[in-house]
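The next block holds one structure in the form of structure tokens; read it before the comments.
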Amino acid sequence: MRNRSVIRFSILKSYRNMPKITSISGTVVYNSRGHKTIEVSVISDNKYLGRVCAPSGASVGKHEAINFPDNNPQKSLDILRSNEKKFIGLDPSDLKSIHETLRKIDSTTNYSEIGGAVAFSLTIASTESAARSEGVPLFKILTKDAHLRLPFPLGNILGGGAHAGIGTPDIQEILVCAIGSKTIRESAETNFLIHQELGKMLERHDAKFTRGRGDEGAWAPRINNDKAVEYCADTCEKLGYTLGKEVSLGIDFASSVLWNEKRGKYVYSRQGIERSPEQQIEFVSEMIKKYKLVCVEDPVHEDAFEDMAELTKKFPRILIIGDDIVVTNQTRLSKAINTKSCNAVILKVNQAGSLYDALEFAKLANKNNMKLITSHRSGESTDSHISHIGLATKSNMLKVGVVGGERVAKINELIRISEENNIHNMANI
Ligand code: 2PG
Ligand code: MG
């Protein structure tokens with residue numbers, strides 16, 4: 001009898017302690033490109049605020065979630081407002097219920113009715129609100145794992161493509177990762193140093209270099225693709241690093257932007273060359289070998305599962321990363337697993353839509369030994385939730401750029417997480 005009342009009391013206690021969403025609101029704000037986006041605020045128990053701003057990409061995969069219906073952020077917010085009551089009373093940490101409630105409002109695969117930006121902001125803001133109510137950092141709401149490792153920052157040092165203007169490389173991003181670093185601080189500082197020295201090298205090679213940078217803070221010089229990678233490699237070597245040892249380069253080809261379906265070719269228009277799918281695979285292979293790359297992202301276009309598989313087979317020890325080809329989508333990930341198309345995948349919550357979708361995707365990737373790289377978008381805010389998401393999903397890398405307030409915000413958060421929670425081990429690459 002006594003035992004039973006004790007049990008009843010503790011159930012009642014935990015029930016009483018369970019926070020509840022008491023309000024949801026949203027407003028139109030601006031991202032790092034100065035484009036309109038939305039910010040959603042979730043409040044639990046009238047006091048625990050979670051607030052999240054939605055990012056957006058420039059090189060957007062055709063299979064990813066739609067940001068806003070009719071490209072209209074206000075329309076998304078109006079739909080959210082008219083459905084606010086459905087979320088009131090839910091436990092902000094119960095992502096599944098929040099996700100299912102959202103799915104009753106918009107059951108389209110790509111959130112084309114309410115907009116993926118709402119799914120993104122609402123689900124992460126709820127989690128943040130839950131974290132505030134429990135007085136814990138956000139990542140602790142997402143995982144109970146006590147042996148977490150910090151993802152290596154992967155940053156864009158030189159780029160072009162959809163992130164910069166005419167004259168810059170066709171290749172979207174040349175990335176650096178300090179794979180030999182023992183601490184998060186050392187790896188971040190190494191990336192900063194390489195970015196800085198690369199700027200000086202570009203100035204030495206071109207007196208007219210304006211120090212212009214693309215959307216993600218990477219240098220955006222007038223230079224062709226081959227020279228761009230060469231200068232990045234030279235910079236690392238001049239600093240005394242051995243490529244593949246202390247630091248490694250990676251390349252995000254963002255090949256879907258280069259791919260011309262009609263011509264059946266990858267068109268490097270700024271360099272004035274075209275490559276057949278076979279030549280593209282050859283080019284990527286040469287780059288991997290010549291520069292001992294740690295990773296190549298989207299080396300072929302978003303529907304070329306077989307060509308990706310060829311590269312994965314050829315380079316089992318290099319991260320062959322699927323971004324636009326997989327778009328943080330479980331069905332596409334299953335296809336990539338079955339066809340052995342890649343051995344690593346990008347996790348961008350806003351490609352999937354809700355954080356629930358993205359965490360399910362991460363589970364499937366982890367179960368199948370796919371390496372995970374949690375990533376920012378080119379249009380960002382100073383939010384740093386993805387640093388927690390990268391940690392909690394056991395991501396090996398966190399792709400967040402190198403410089404720029406909205407990029408450094410994520411790196412600084414990783415440093416805080418490390419110091420405040422005594423998490424020091426770096427992930428395995
Ligand atoms: C990418 C991303 C981030 P965007 O292609 O990986 O670097 O760019 O956000 O423009 O899609
Ligand atoms: Mg990419």
Looking for whichever is within 21 Å of His63 (Cβ to Cβ), aliphatic (A, V, I, L, M) and touching a Ser or Thr at 6+ places or on another chain (Cβ under 8 Å) here; the options are Ala344, Ala409, Ala362. Which one fits?
Ala362
Just to be sure, is Thr382 outside any helix (DSSP H, G or I) and surrounded by fewer than 24 Cβ atoms within 10 Å (Cβ to Cβ)?
yes
Within region 323-342, which residues are within 24 Å of Leu142 (Cα to Cα) and within 18 Å of the chain's Cα centre (by Cα)?
Asp323, Val326, Val327, Thr328, Asn329, Gln330, Arg332, Leu333
Failed criterion for Lys410 (all others in (1) surrounded by 24 or more Cβ atoms within 10 Å (Cβ to Cβ); (2) not assigned by TED's automatic domain parsing to the domain that holds Val176 hold)
(2)
Lone qualifier among Asn368, Asn329 - being surrounded by fewer than 21 Cβ atoms within 10 Å (Cβ to Cβ) and out of contact with any strand residue (DSSP E or B) (no Cβ under 6 Å at 6 or more places or on another chain)
Asn368
Does any residue of region 236-255 turn out to be among the aliphatic types (A, V, I, L, M), outside the structural domain of Gly61 (by TED's automatic domain parsing) and not in a strand (DSSP E or B)?
yes
Within region 169-211, track down each residue that is assigned to a loop (DSSP other than H, G, I, E, B) and of a type in the set (D, E, K, R).
Asp170, Lys182, Asp206, Lys208, Arg211
For Ile166: the one exception among (1) of a type outside the set (Phe, Trp, Tyr); (2) touching an Asp or Glu at 6+ places or on another chain (Cβ under 9 Å); (3) part of a loop (DSSP other than H, G, I, E, B); (4) assigned by TED's automatic domain parsing to the domain that holds Arg222
(2)
What pairs can you find where one residue is in region 213-239 and free of Cβ contacts under 8 Å to residues at least 40 places away in the same chain, the other is part of a helix (DSSP H, G or I) and surrounded by fewer than 20 Cβ atoms within 10 Å (Cβ to Cβ), and their Cβ atoms are less than 7 Å apart, with a gap of 6+ or different chains?
Asp234/Met201
Out of Thr143, Thr183, Thr242, Thr210, I need the residue that is farther than 22 Å from His301 by Cβ, of a type outside the set (A, V, I, L, M) and touching a Pro at 6+ places or on another chain (Cβ under 9 Å). Which one?
Thr210
Scan region 347-365 residue by residue and report those that are within 11 Å of ligand 1 (Cβ to nearest atom) and part of a helix (DSSP H, G or I).
Asn350, Gln351
Kindly establish whether Lys36 is farther than 25 Å from Arg407 by Cβ and either at pLDDT 95 or above or within 16 Å of ligand 1 (Cβ to nearest atom) (or both).
no
For region 232-263, name all the residues that are of a type outside the set (Gly, Ala, Ser) and within 14 Å of Leu175 (Cβ to Cβ).
Cys232, Thr235, Cys236, Leu243, Val247, Leu249, Ile251, Asp252, Phe253
Can you tell me which of (1) surrounded by fewer than 22 Cβ atoms within 10 Å (Cβ to Cβ); (2) in contact (Cβ under 8 Å) with a residue 12 or more places away in the chain; (3) under 18 Å from Ser256 (Cβ atoms); (4) not basic (Lys, Arg) is the one Phe283 doesn't meet?
(2)
Whichever residue in region 347-356 is away from ligand 2 (no atom under 16 Å from the Cβ) and buried (at least 24 other Cβ atoms within 10 Å of the Cβ) and, among such residues, is nearest to Gly57 (Cα to Cα):
Gly353
Any residue in region 170-192 that's basic (Lys, Arg): show its pairings with residues that are assigned to a loop (DSSP other than H, G, I, E, B) and more than 16 Å from ligand 2 (Cβ to nearest atom) at Cβ separation under 9 Å, as long as the two are six or more apart or on different chains.
Lys182/His424
Counting only residues that are of a type outside the set (S, T, N, Q) and away from ligand 1 (no atom under 14 Å from the Cβ), which one in region 373-402 is farthest from Asn338 (Cα to Cα)?
Asp383
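So that you can scan it fast, the table gives a plain yes or no per residue for (1) among the small types (Gly, Ala, Ser); (2) buried (at least 17 other Cβ atoms within 10 Å of the Cβ); (3) within 20 Å of Val284 (Cβ to Cβ):
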site: Leu142; (1), (2), (3): no, yes, no
site: Ile157; (1), (2), (3): no, yes, yes
site: Cys177; (1), (2), (3): no, yes, yes
site: Ser181; (1), (2), (3): yes, yes, no
site: Lys245; (1), (2), (3): no, no, no
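Results for (1) within 25 Å of Asn31 (Cα to Cα); (2) within 15 Å of ligand 2 (Cβ to nearest atom); (3) without any contact (Cβ under 8 Å) to a residue 60 or more places away in the chain; (4) touching a helix residue (DSSP H, G or I) at 6+ places or on another chain (Cβ under 7 Å), shown as yes or no for each residue.
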site: Asp323; (1), (2), (3), (4): yes, yes, no, no
site: Thr331; (1), (2), (3), (4): no, no, yes, no
site: Ala336; (1), (2), (3), (4): no, yes, yes, yes
site: Ala358; (1), (2), (3), (4): yes, no, yes, yes
site: Leu364; (1), (2), (3), (4): no, no, yes, yes
site: Asn369; (1), (2), (3), (4): no, no, yes, no
site: His376; (1), (2), (3), (4): yes, yes, no, yes
site: Glu380; (1), (2), (3), (4): yes, yes, no, yes
site: Ser384; (1), (2), (3), (4): yes, no, yes, yes
Among the listed residues Asn329, Asn368, which satisfies the condition of being within 16 Å of ligand 1 (Cβ to nearest atom) and of a type outside the set (D, E, K, R)?
Asn329
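The values are calculated or read from the model by the stated rules, or taken from the named source; none is laboratory data. Since we're looking at a predicted model, the values are computed, not measured. Don't worry about glycine lacking a Cβ; one is built from the backbone with ideal geometry, like all the others, and counts go over all protein chains shown.
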